[in-house]
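The structure appears right after this line, and notes come after that.
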Amino acid sequence: VETVALGEAVVFETVDALGGQVKDEGTPIDRIDWSRVNPATGPVFVENVRPGDTLVVKIRRIRVEPRSIIVAVPGYGVLGDAEFSPRLKILRIVDGVMLFEGVEIPLKPMIGTVGVAPDEGEVATGDLGRHGGNMDAAVVGEEATLYLPVFVEGALFALGDLHAVQGDGEVCVAAAEVGGEVEVVFDVIHGRRPEWPVVEYGDRIAVLVAGETLDSAAREATRVVVRGIMRRYCMDFAEAYMLASLVLDLRINQVVDPKKGIRAEVAKKFLDVHSLLG
Ligand code: CA
């Protein structure tokens, strides 16, 4: 939908993950058109970015609307087999705090869906993989930097599915789903790319891996970090494997999307993004 230059500030306007279909708490859940759920804004073509590169996405600012939505629907989420009626709540944000039935929750705005076009074919914005997508990683927030592998000319970047707050796991299948604006600046690393999306935030660096199961995602995430440690310190596999056991934290992004998401986190003093690029 747009061509942008490296270094240019780009603002994405996004609607909430329910596609703006919920106007109030009286909206019947069975009227929601699930084919319109989890949209993303884009794609944008980033100049001077080619297959084999890394698209660097600096997230400068996330502004969320003062009203977000959460749903709980039988059949969805970690406890989807429990007996309950479908519920929908509008959550208001007042003075930077979200109110849930009198419980005050500090805001922690994040981007649920962010990625590039895959190497071939199409991918739904509800799915996730090496291209990024619906990763629902709570650490992809303001001032984080994402490193995405580029598969096609211009990368074709898109984002959406903002969450005002989300816990690791996103257990009920929804977070505080909200529309808003995200300002990003693109940069590029030519000729090398990561196997999976990488995010830096604060003093941490994490690899974001998707798998059919948490076990398979954990295995792949560990493999990628061990490989990075081998490169960084010129260690053999067994040494890097042991070091990983000391400094690597495996954390859950979400367990409710078409694939499960794990992030393998390390303090930046132990691993740098260049050791994760092929
Ligand atoms: Ca999502």
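Laid out as a table, the results:
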{"item": "Checklist (1) open to solvent by less than 50 Å² (accessible area, probe 1.4 Å); (2) within 25 Å of Glu170 (Cβ to Cβ); (3) part of a loop (DSSP other than H, G, I, E, B) applied to Glu200, failing item", "result": "(3)"}
{"item": "Candidate set from the stretch 203-230 (those that are among the polar types (S, T, N, Q) and under 19 Å from Val256 (Cβ atoms)); member that is least open to solvent (accessible area, probe 1.4 Å)", "result": "Ser216"}
{"item": "Residues satisfying the stated conditions in the stretch 161-197, i.e. within 13 Å of the ligand (Cβ to nearest atom) and in a strand (DSSP E or B)", "result": "Asp161, Leu162, His163, Gly169, Glu177, Val178"}
{"item": "Strands (runs of 3 or more DSSP E) fully within the stretch 1-73 counting 3 or more residues that are loosely packed, with under 14 Cβ neighbours inside 10 Å", "result": "9-14"}
{"item": "Hey, Asp272 open to solvent by 40 Å² or more (accessible area, probe 1.4 Å), in contact with a helix residue (DSSP H, G or I) (Cβ under 8 Å, 6 or more places away or on another chain) and acidic (Asp, Glu) or not", "result": "yes"}
{"item": "Lone unmet requirement of (1) in contact with a strand residue (DSSP E or B) (Cβ under 7 Å, 6 or more places away or on another chain); (2) within 25 Å of His190 (Cβ to Cβ); (3) of a type outside the set (Asp, Glu) for Leu248", "result": "(2)"}
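The values are calculated or read from the model by the stated rules, or taken from the named source; none is laboratory data. Treat the numbers as computed from the prediction; the structure is a model and nothing was measured. Cβ atoms come from the backbone with ideal geometry, glycine included; neighbour counts cover every protein chain shown. Keep in mind that these areas ignore ligands, DNA and RNA; they rest on the heavy atoms of the full protein, side chains included. Shrake-Rupley method; radii C 1.70, N 1.55, O 1.52, S 1.80 Å.
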